[in-house]
1. Return yes or no: is residue 13 touching a residue at least 60 places away in the same chain (Cβ under 8 Å) and either among the charged types (D, E, K, R) or surrounded by 12 or more Cβ atoms within 10 Å (Cβ to Cβ) (or both)?
2. Checking the structure you have, find out if any residue of the stretch 27-40 is touching a Pro at 6+ places or on another chain (Cβ under 6 Å), surrounded by 12 or more Cβ atoms within 10 Å (Cβ to Cβ) and closer than 25 Å to residue 76 by Cβ.
Amino acid sequence: MSYAKKLGIEAAVGEYVASHQREVSGRIIHLHAWHVPDFHGTLQAHEHQALVWCSPEEALQYPLAPADIPLLEAFMALRAARPADLC
């Protein structure tokens, strides 16, 4: 995936987090999430209305796409299961 195209950054892709599939408009979409421990560049909202820098817990207060919520919850569970300096 090109993070440069979607967000204007070069990302260091780390550990696999989770996958989720969901039906959207009669089609099955497959989403996969990886931890990004570091990136270079300035975030830009090329394909999104806005970007907000927040904690995963705070992200649940925003109107997320329903298909994204299980991936966020999986990341939160992974963070809770390990020391903070590894997240």
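1. Answer is no for this residue.
2. Taking every residue of the stretch 27-40 in turn, none turns out to be touching a Pro at 6+ places or on another chain (Cβ under 6 Å), surrounded by 12 or more Cβ atoms within 10 Å (Cβ to Cβ) and closer than 25 Å to residue 76 by Cβ.
Here is a yes/no grid of residues against (1) outside any helix (DSSP H, G or I); (2) more than 23 Å from residue 10 (Cα to Cα); (3) at pLDDT 90 or above:
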{"position": "45", "(1), (2), (3)": "yes, no, no"}
{"position": "49", "(1), (2), (3)": "yes, no, no"}
{"position": "62", "(1), (2), (3)": "yes, yes, yes"}
{"position": "74", "(1), (2), (3)": "no, yes, yes"}
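The values are calculated or read from the model by the stated rules, or taken from the named source; none is laboratory data. Worth saying up front: this structure is predicted, and the values here are computed from it rather than measured. As a convention, Cβ positions derive from the backbone with ideal geometry for all residues, glycine included, and neighbour counts pool all protein chains shown.
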